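Take a look at the structure set out below.
Please treat every number below as a calculation from the coordinates, not as lab data. Being a predicted model, the structure only gives us computed values, none of them experimental. Neighbour counts are summed over all protein chains in view; Cβ atoms, including those assigned to glycine, are modelled from backbone coordinates with ideal geometry.
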Amino acid sequence: MTSMTMIQALNSALDNMMARDPNVMTFGEDVGYFGGVFRVTEHLQEKYGARRCFDAPINEGGITATAIGMAVYGLRPVVEIQFADYMYPGYDQLVSEAARIRYRSAGDFTVPMTVRMPYGGGIYGGQTHSQSPEALFTHVAGLKTVIPSTPYDAKGLLISAIEDDDPVIFLEPKRIYNGPFDGRRDRPVTPWSKHAASEVPEDHYRIPLGQAKVLREGADLTILAYGTMVHVALAAAEESGIDAEVIDLRTLVPVDIEAITKSVAKTGRCVVVHEATRTSGYGAELSALVQEHCFYHLEAPIERVTGYDTPYPHALEWEYFPTPQRLIKAMRRVMEA
Amino acid sequence: MSPSRTNALSLHVPMPRARPGDKPDFSGWSFPEPGATPRPDVDASGAELRDYAYGLIRVLDMDGNALGPWAPHLSPDTLRRGLKYMVLTRAFDERMHRAQRQGKTSFYMQCLGEEAIAVAQALALSPDDMCFPSYRQQGLLIAREYPLVDMMNQIYSNAADPLKGRQLPIMYSSKQAGFFTISGNLATQVPQAVGWAMASAYAGDVRIAATWLGEGSTAEGDFHSAMTFASVYRAPVIINVVNNQWAISSFQGIAGGENTTFAARGVGYGIPPLRVDGNDFLAVYAVTQWAVERARSNLGPTLIEHFSYRGGPHSTSDDPARYRPADEGRSWPLGDPIERLKRHLISLGEWSEDQHKAAQEEAAETVRAAGREAEKVGTLSDNAHPRESMFDDVYKELPWHLRAQRAEQDQ
C-alpha cells in the first residue's frame with residue numbers, strides 16, 4: 001500500500017493496465033510528453049514509448065472517433081478529454097457511434113474504450129472548465145458512466161472501466177484530485193495522505209462497475225451523492241446532527257438500485273445532491289427511481305440540492321457550488337416535512 | 001472612405017446550372033485526355049502531387065481502349081470478374097428498388113452509375129482490408145461475395161436478418177466481410193477508419209483501412225478530423241470521396257465544389273490528392289492500387305475523389321425529377337461504367353454482346369433466386385425477430401434496468 005492522490009491512483013491504474021495488456025494505450029491533448037494538464041498520464045510515454053502514449057490534435061471529435069476505430073480493431077484505448085466541457089465536439093461520436101455500434105451490428109463490432117474527463121467546479125475555472133455534464137451521458141443507451149470519489153475507488157474503477165467490453169465514460173472530479181474538498185472553503189483541504197482511502201495497492205485490483213458504497217451509515221435520511229459531492233455530503237452529515245446515511249453511487253449507469261432501495265426503505269427520507277444544473281439532471285433520474293422503488297417507505301418529499309440552471313458563473317462560483325450549508329438546509333426541510 | 005465601405009455586400013448562394021425543365025449543361029468542363037496523366041512514384045510527397053487534385057486520371061477512352069501509364073494491365077479474367085460484379089450489383093439494385101415499391105421493405109438506395117467505384121476498389125484491396133463504407137458501396141459486399149440473401153434479409157428486417165431488424169435497410173454490417181456497420185449519420189465512419197488504420201499500424205498488422213463518403217458530407221467536421229489525424233499519424237488509410245454531383249437535392253456546389261475540387265481538400269493536409277474518373281473501372285482500380293501500395297509501405301493516407309454521377313434518386317424517398325433535369329444522367333460526359341468496361345473487354349476480344357446479355361440474365365436469375373429465399377423467411381413486419389431481442393446488445397450484459405424494461409413488455 002502506498003498513499004496516493006487521486007491523480008497518482010489514476011496514473012497507477014493506467015500503468016498497471018499498460019503493463020498487463022499490450023492493447024491498452026492512451027492519447028489525448030497534452031497527454032504524451034507532458035503527461036496531461038493534470039498529470040494523470042505522467043511518465044507513461046517515458047515508460048511505454050510514444051506509440052502507446054501520445055499527444056493528439058485539438059479535436060475531440062477526432063480523438064473520440066479514432067479511439068472508436070481502434071477499439072473496433074481490438075485495442076482498448078483510453079482517451080483523455082482535457083476537460084469534460086470540451087467533449088461536445090465529439091458528442092455525436094459518443095452518442096450515435098460508440099454507444100450503438102454493438103447494437104447496430106448485433107454484437108459483431110464492439111467498442112471497449114474508456115473516455116476519461118476531468119469534470120466539475122470549485123476551481124475558478126469559469127464556464128468552460130467547471131461543468132458537470134454527466135446527465136448528457138447517462139441519458140445515452142449503450143454508455144456506462146462512472147464517477148469515483150477517492151483515490152482507492154478511482155484506481156479500481158478505472159481498471160474495471162478499461163477492462164469493460166463496452167464504452168465507459170469516466171468522469172474525474174478534478175476538485176478532489178489532490179484532496180477530499182468538502183465544500184467548506186473556510187478550512188484548509190486535508191491532503192489525501194491523511195485520508196484512509198488514499199491507501200492504494202500498487203498492483204492491479206478492480207472495483208466492479210454498478211456497485212455503490214455506503215460511506216456513512218445512518219438511520220434518519222439517505223443522501224445520494226457522487227464525485228466531489230460525496231465529501232460535501234459527509235461534511236453535511238457531520239455538521240447537521242442529523243443521522244444521515246451517505247451513499248456514494250460510484251457508477252451512474254448502471255446504477256446500484258439495490259443499495260439505493262435498501263437505504264431509503266430504512267430511512268424513509270432522501271436528498272439527492274449534484275453539482276450539475278438541476279433541470280433534467282441526473283438527480284431527476286435518482287428522484288424518480290426512489291419514488292418508483294420506495295414510494296411507500298417515503299415520509300417526506302425527495303429534495304434535490306444542485307447547481308442552479310445557469311451557466312457556470314465564474315465570480316459567483318461559491319454561490320453556485322452546492323455547499324454543506326445548502327445541503328443541511330435541505331436535510332432539515334426533509335426531516336421536518 | 002475606401003470602396004469596400006461604399007459597396008453594399010451581397011450574399012452568394014451557389015445554384016446548379018440546370019434545374020427541372022432545363023437542358024442538362026456540362027459545357028465548360030474540360031477533362032484531361034485518357035492516358036494523359038503521368039503516374040507518380042508512390043513515395044511522392046503530398047506537395048509534389050498537388051496538381052493531381054485539379055486534374056482527372058483517366059485510362060479508358062470512350063471506344064474502350066486502355067491508355068497511358070495508369071493502365072493497370074489486369075488479366076481478362078479479372079476484368080470479367082469486375083464486370084460481372086458490376087452487372088450483379090445493378091441487377092440487385094433493380095430488384096430491391098422494386099421490392100421497396102412493392103411494399104416489401106421501407107427503404108432502399110441504389111448505386112446506379114457508381115458501380116465501378118466499390119467493385120474496382122474491392123478488387124484492388126485485399127479481401128481482409130477493412131472497409132468503412134457509406135451507404136452506396138454495396139458493390140464492396142457483392143465483390144467480396146457476401147451472400148446476396150443475407151443482404152436481402154437485412155433489407156427485409158426478417159427473422160434471418162443478421163442485424164436483428166435494428167438497422168434501416170441497406171445499413172449492412174459484416175466483420176467477416178471486413179465491412180463496418182454503416183451509420184446513418186454522415187462521415188462519422190471516416191475518422192473511425194483512420195483510428196482503425198492507426199490501430200493496425202500500432203499492432204504491426206499488414207491490413208489497411210479504406211473509407212467512403214459523399215462529396216456532400218465532406219462538409220462535416222468529422223471529415224476534417226479524419227484528414228487531420230490521418231495526416232498527423234500517417235495512417236494506412238484510403239479516404240474516398242465519391243463525388244456523384246448530388247447530395248439529395250443539393251448540387252456539389254453547396255458542399256464547396258464551385259470554388260475548387262474535393263480532391264483539393266487533401267492539399268492543405270499534405271495528403272496525396274488523386275482525382276479520378278469514377279466511371280472508369282480501370283482508372284479507379286489503378287488509383288486504388290497506387291494508394292494501397294503507399295499505405296502498405298508506411299507512407300500514409302491517400303485522398304481519392306471519384307468523379308461520377310448519381311444515376312438514380314438519392315433513395316426511394318425522393319424523386320430527382322423535382323430538383324434536376326430528368327435526362328441529366330444520360331448526358332453525363334463520362335458515360336456508364338458498365339458499358340465502358342464491356343466495350344473494353346469486347347475490344348480486347350475477351351467478351352461479346354451475347355456474353356454480356358447472358359451475364360445480365362444470369363445476374364438477374366441469381367438475384368431472383370436469392371430474393372425467393374429471403375422472402376420465404378419474411379419481409380418487413382412479417383416474421384421479424386422476437387420483441388425481447390430489442391434489449392440485446394445494448395451492452396454486453398443486460399443491466400438490471402433493461403431486464404426490468406424487458407419484463408415490463410409482458411405485464
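Please list the equivalent ellipsoid semi-axes of segment A:10-53, computed as the square roots of five times the alpha-carbon gyration tensor eigenvalues, in descending order and whole angstrom.
15, 11, 8
Across segment A:128-194, what fraction of all alpha-carbon pairs, as a whole percent, falls in each successive 5 Å bin from zero upward?
3, 15, 21, 21, 19, 11, 6, 3, 1
For chain A, report the translational diffusion coefficient in µm²/s to the nearest whole number, using Stokes-Einstein at 10 °C, 1.306 mPa s, and a Kirkwood Rh over Cα pairs.
Stokes-Einstein gives a translational diffusion coefficient of 79 µm²/s.
If I model a spin label as a point 7 Å beyond the Cα along the Cα-Cβ vector, how far apart are those points for B:Arg406 and A:Tyr88 in nm?
My value for the distance between the label points is 3.7 nm.
How long is segment A:190-273 along each principal axis, judged by its Cα atoms, biggest number first, in Å?
For segment A:190-273, the Cα extents along the three principal axes come out at 40, 31, 17 Å.
Where nothing but the Cβ of Lys and Arg (+1) and of Asp and Glu (-1) is charged, how large is the charge dipole of chain B around its Cα centre, in debye to the nearest 20?
520 debye
Which residue, chosen from A:Tyr119, A:Ser160, A:Ile147, occupies the Cα position most advanced towards the positive end of the dipole of segment A:93-175, where the dipole is computed from +1 (Lys, Arg) and -1 (Asp, Glu) charges on Cβ about the Cα centre?
A:Tyr119
Can you give the net charge of the other residues whose Cβ lies under 12 Å from the Cβ of A:Asp92, counting K and R as +1 and D and E as -1?
Computed value for this residue: -3.
Which residue, chosen from B:Val287, B:Gly253, B:Gly216, occupies the Cα position most advanced towards the positive end of the dipole of segment B:206-296, where the dipole is computed from +1 (Lys, Arg) and -1 (Asp, Glu) charges on Cβ about the Cα centre?
Looking along the dipole axis, the top candidate is B:Val287.
Give me the Kirkwood hydrodynamic radius of the protein assembly as shown, using the inverse of the mean 1/r over all pairs of distinct Cα atoms, in Å to one decimal.
After inverting the pairwise mean of 1/r, the radius is 28.2 Å.
Could you point to the residue in B:Ala66, B:Ile155, B:Gln102 farthest towards the positive end of segment B:64-155's charge dipole, with +1 and -1 charges on the Cβ of Lys/Arg and Asp/Glu respectively?
Positive-most Cα among the choices belongs to B:Gln102.
With no solvent and one point per C-alpha, what does the Debye sum give as log10 I(q)/I(0) for segment B:7-141 at q = 0.17 Å⁻¹?
At q = 0.17 Å⁻¹ the computed log10 ratios are -1.24.
Per the Kirkwood formula on distinct C-alpha pairs, the Rh of chain B is how many angstrom? If you can, show how the numbers build up before the last one.
Numbers: mean 1/r = 0.0446 Å⁻¹.
Result for chain B stands at 22.4 Å.
Report, in whole Å, the centroid distance computed from the Cα atoms of segment B:1-38 and segment A:273-317.
56 Å
For segment A:259-337, state the semi-axes of the equivalent ellipsoid (square roots of 5 times the eigenvalues of the alpha-carbon gyration tensor), sorted largest first and rounded to whole angstrom.
Square roots of five times the eigenvalues give 25, 14, 8 Å.
Can you grab the distance from the C-alpha centre of segment B:126-142 to the C-alpha centre of segment B:332-411, Å, no decimals?
After rounding, the separation between the Cα centres reads 13 Å.
Can you work out the FRET efficiency for the pair B:Arg322 and B:Glu373, with r the C-beta to C-beta distance and R0 = 35 Å, to the nearest 0.05? Don't skip to the end; give the middle numbers.
Values: r = 36 Å, r/R0 = 1.03.
Taking R0 as 35 Å, the efficiency between B:Arg322 and B:Glu373 is 0.45.
What number, rounded to the nearest 500 deg cm²/dmol, is the helix-based mean residue ellipticity at 222 nm of chain A, given -39500 (n - 2.57) per DSSP H run of at least four residues and division by all its residues?
Values: 11 runs with 110 residues, N = 337.
Helices in chain A give a 222 nm mean residue ellipticity of -9500 deg cm²/dmol.
If you place +1 on the Cβ of every Lys and Arg and -1 on the Cβ of every Asp and Glu, how big does the dipole about the Cα centre of the protein assembly as shown come out, in debye to the nearest 20?
Its charge dipole is roughly 400 debye.
Could you compute the net charge surrounding B:Ala201? Neighbours are other residues with a C-beta less than 15 Å from the C-beta of B:Ala201; K and R count +1, D and E count -1.
Cβ neighbours under 15 Å give a net charge of +4.
Could you give the distance between the Cα centres of segment A:1-50 and segment A:123-142, to the whole Å?
23 Å
Nearest 500 deg cm²/dmol is fine: what mean residue ellipticity at 222 nm does chain B get from its DSSP H runs of n ≥ 4 alone, each adding -39,500 (n - 2.57), divided by its residue count?
Dividing the helical sum by the residues of chain B leaves -11000 deg cm²/dmol.
Cut-off under 22 Å on the C-alpha distance; same-chain residues fewer than 8 positions from B:Lys175 excluded. Which lysines are left, in chain and number order?
Straight-line reach from B:Lys175, under 22 Å: B:Lys164, B:Lys396.
For chain A, what is the percent of antiparallel DSSP beta bridges, rounded to the nearest 5?
20 percent
Obtain the nm distance between the two label points defined at A:Glu299 and A:Lys47 by a simple spin-label model: each point lies 7 Å from its Cα along the Cα-to-C-beta direction.
5.1 nm
From the alpha carbon gyration tensor of segment A:1-109, can you work out the equivalent ellipsoid semi-axes (sqrt of 5 times each eigenvalue) and give them in Å, largest to smallest?
25, 16, 13
Starting from the 7 Å offset along Cα-to-Cβ, what nm value, one decimal, do you get for the label separation of B:Asn7 and A:Arg216?
7.0 nm
Evaluate the charge dipole of chain A about its Cα centre and quote only its size in Debye, nearest 20, assuming +1 on the Cβ of each Lys and Arg and -1 on the Cβ of each Asp and Glu.
I would put it at about 140 debye.
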